[in-house]
């Protein structure tokens, strides 16, 4: 099991200049960086890869940012925009050294509305068709796509592990995996540890965040049960700290971070990493 840090904690959007954080991540003891690529045009993938190599870090996962306008169940323009964006990530990820793209790629984050069952089914079939094409592209590039359920306030489409497993089954591609997040599970799953057991060998990534979006360990989540479940499924994948602070204003607004939850991003990173490593 390896431990990484999501760049949203310190940078949004991630640009070439954001590589300046890499030496600190290495100093703090992280094994790798999960890079959020909000706009592929903001980075030179070769430059970022060299910075990783120079620092002795790897990028084991790329995080997709599917904001408004990038929606696999949206109108035709939104679907095309989302498809093109994810295909760009599929091309960029191997250059960075990553074989995994993660996030709620099925819909635009923040789209949450009650729709009739027949419309939901139509949206579902649209997403299945689009993901089938993306999964084929991912397979060609040796990349996996890990789909993340979100809480009810951020999406009405996929909230639980069971739902995302059904989506993966309907697509029918081994290129698709499950991406679980402790924050979202705390809100939506009857039993977060049970969700991990349900995912089993389909679990491709775990995001670790406190129940208040702060430091893992300084919250009410039963982390012992989380790691017991990971051990039961013989999880050999990655655990990534994804928390937020008010200082990164763009993501703070998107994630509704209205107050200073923790002293600093550094304290979230260092204290969280120390806590998570205590289980292995």
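How many residues are touching a strand residue (DSSP E or B) at 6+ places or on another chain (Cβ under 7 Å) and more than 20 Å from residue 88 (Cβ to Cβ) when one looks only at region 10-30?
The number of residues fulfilling the criteria is 3.
So residue 7 ticks every box in (1) touching a strand residue (DSSP E or B) at 6+ places or on another chain (Cβ under 9 Å); (2) modelled with pLDDT of 95 or more; (3) surrounded by fewer than 19 Cβ atoms within 10 Å (Cβ to Cβ) but one. Which box is left unticked?
(3)
One residue is enough: does region 185-194 have a residue meeting the conditions touching a residue at least 60 places away in the same chain (Cβ under 8 Å) and under 23 Å from residue 64 (Cβ atoms)?
no
Would you check which residues across region 97-140 are part of a helix (DSSP H, G or I) and crowded, with 22+ Cβ neighbours inside 10 Å and list them?
The answer is 127, 131, 134, 138.
So residue 279 fits all but one of (1) over 17 Å from the mean Cα position of the chain (by Cα); (2) under 18 Å from residue 25 (Cβ atoms); (3) at pLDDT 95 or above; (4) outside any helix (DSSP H, G or I); what number is the exception?
So residue 279 meets the others, but not (2).
Name the one entry in 62, 48, 33 that is touching a strand residue (DSSP E or B) at 6+ places or on another chain (Cβ under 8 Å), surrounded by 22 or more Cβ atoms within 10 Å (Cβ to Cβ), more than 21 Å from residue 237 (Cβ to Cβ) and at pLDDT 95 or above.
That would be 48, the only listed residue that is touching a strand residue (DSSP E or B) at 6+ places or on another chain (Cβ under 8 Å), surrounded by 22 or more Cβ atoms within 10 Å (Cβ to Cβ), more than 21 Å from residue 237 (Cβ to Cβ) and at pLDDT 95 or above.
Whether any residue in region 74-87 is part of a helix (DSSP H, G or I), at pLDDT 95 or above, under 19 Å from the mean Cα position of the chain (by Cα) and crowded, with 22+ Cβ neighbours inside 10 Å is what I want to check.
Yes - at least one qualifying residue is present in region 74-87.
Conditions tested, residue by residue: (1) within 24 Å of residue 177 (Cα to Cα); (2) part of a helix (DSSP H, G or I); (3) over 17 Å from the mean Cα position of the chain (by Cα).
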site	(1), (2), (3)
36	yes, no, no
51	no, yes, yes
60	yes, no, no
63	yes, no, no
67	yes, no, no
71	yes, no, no
92	yes, yes, no
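Could you please let me know if residue 251 is under 17 Å from the mean Cα position of the chain (by Cα) and either at pLDDT below 95 or surrounded by fewer than 19 Cβ atoms within 10 Å (Cβ to Cβ) (or both)?
yes
The values are calculated or read from the model by the stated rules, or taken from the named source; none is laboratory data. If you're wondering where the values come from, they're calculated on a predicted model, not measured in any experiment. Glycine also receives a Cβ, built like all others from the backbone with ideal geometry; neighbour counts cover every protein chain displayed.
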